[in-house]
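Rule-based calculations on the coordinates, nothing more; no lab input. Here the structure is a predicted model, which means the values were calculated and not measured. Neighbour counts run over all protein chains shown; Cβ positions are idealised from the backbone, glycine included.
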Amino acid sequence: MLQRNSGMVWIAAYPRSGNTWTRLFICNLAALLAGEKEEVNFNNFLRSSPWDAQAEHYQKYIKVDPVGGVNAMKDMASVRHLVLRDFAETKDGLVFAKTHWLLGKAFGHNTFDFSVTAGAIYCVRNPLDVSISLAHHIGKPVDYAIELMGTANVYIATDFLGSWSENVCSWTESPGPDICVVRYEDLVEDSELWFGAVARHIFNPAPGKGQIKEAIERSSFNRLKAQEEAHGYFEYTDKARRFFREGRLGQWKKILTASQILRIIRDHSGLMTRFGYLPLA
C-alpha cells in the first residue's frame, strides 16, 4: 500500500502492455469512490490523468517537436523534473499518470522525481504478444517491432523506452513497497483478483469488492471499444485507427513465425522466464 496520499502515481508499462486499460480502471474506481454515476469518458480523463509523453506539457519550458528525435528527447529529459512537479501540483491528493518511460537515466537526467512520486503500478505483458500489437500500433512489420523491442536506449516519438527488457527490468528489478507489479495476462484472466490488488495498493481505505467489480465493468474491453467506435480516441496514430484492438492472449501462436519467436526469446529470455512466459505453453 502507498505510504503517501498525495503526489504522482505512475501507471507504467512498455507500450501495448495494458497501462491505458489499467489507468481507466483506476480512474473509474476513483470516480465511483467519489460518488460519480457514469463511467469515465476516456477522451476527457487526461484532465485528471496526464500522459508524460505529450509534447504540450514541456512547451512551458522548451520547444518540443511532437514527432521526437534525439534533440527533442535530450531537451525533454533536461526539463522533465519540472514537468513532473507541474503534474503533481495539478490537484490535491493522488494524481494518476501514464508513462512508457523507463525508470532510470535518460541523457544523464533522472527520468522520475521521487520527491513528488507516491508510487506506481507497472504492467508486464508477454513480449511475444506485445510485438504484434506494437507493430499494428506503429504501422510497421512485426520484424521491425521485434528489432525495436530488442534495441537498447531506444525511443519512439517522445517516449524514452529502452528495450523491452530494459523497460521491464528498470521498474521491476527492485520495485520496493510503493511499486505494484502486475501481469497483463493476470488482469485478463482473473480481473477481480488482480485489479483488486491494484486497488488495494492505491486506495486507503481499500474499496469494497462491489466497487472493484463495477469499476472493472466500466473499464471492460467491450465498453472501451464501444466508446471508441462512437467517439474516437485521442491516442490514435496516423498508422492505426483503432487503439483498443484485440486484447486477447496468445495471438503470437497463430501469427509469429518460428524465427520471430526465437529472436524475441534470444533478446528477452531472462525476464520472460522470470514472469512465466518461458518455457512456452
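Brief remarks follow.
- Partner lysines whose Cα lies under 27 Å from the Cα of LYS98, excluding those fewer than 8 positions away in the same chain, are identified as LYS37, LYS60, LYS63, LYS74, LYS140, LYS209, LYS213, LYS225, LYS239.
- Of the peptides 61-69, 199-207, 115-123, the ranking by mean beta-carbon count within 10 Å, highest at the top, reads 115-123, 199-207, 61-69.
- The distance between label points at ASP178 and LYS63 comes to 3.7 nm (points 7 Å beyond Cα on the Cα→Cβ vector).
- Neighbour-limited loop hits for GluC sites (Glu not before Pro), region 141-225 (at most 15 other Cβ within 10 Å; DSSP other than H, G, I, E, B): GLU173
- ILE156 long-range amide H proximity, modeled H, under 5 Å: LEU161
- Under 19 Å from LYS91, Cα to Cα: aspartates and glutamates that are on another chain or at least 8 residues apart: GLU36, ASP52, GLU56, ASP113
- Shown for the chain are the DSSP H helices of 20 Å or more along their axis, judged by Cα atoms, with a mean Kyte-Doolittle hydropathy of at least 0.5: 19-33.
- Overall form of region 1-159 per C-alpha gyration tensor (a/c, 1.5; a/b vs b/c): oblate
- Residues listed by number, region 177-196, amide nitrogen under 20 Å from ARG248 label point at 7 Å toward C-beta: 184-191
- Of the peptides 135-142, 72-79, the order by per-residue mean of other Cβ atoms within 10 Å, starting with the highest, comes out as 72-79, 135-142.
- Between LYS209 and ASN71, the modelled label-to-label distance comes to 5.9 nm, taking each label 7 Å out from Cα in the direction of the beta carbon.
- Share, in percent, of DSSP beta bridges within the chain that are antiparallel, nearest 5: 20
- Listed by chain and number, the aspartates and glutamates whose C-alpha is less than 12 Å from the C-alpha of LYS254, apart from same-chain residues fewer than 8 away, are ASP129.
- Across region 7-274, C-alpha contacts under 8 Å between residues 6 or more apart give a mean separation that, scaled by the residue count, equals a relative contact order of 25 percent.
- Tensor-based shape of the chain (alpha-carbon gyration tensor, a/c under 1.5 rounded, otherwise prolate or oblate): rounded
- Rounded FRET efficiency, nearest 0.05, which uses the C-beta distance separating ARG4 from LEU262 and R0 of 51 Å: 0.70
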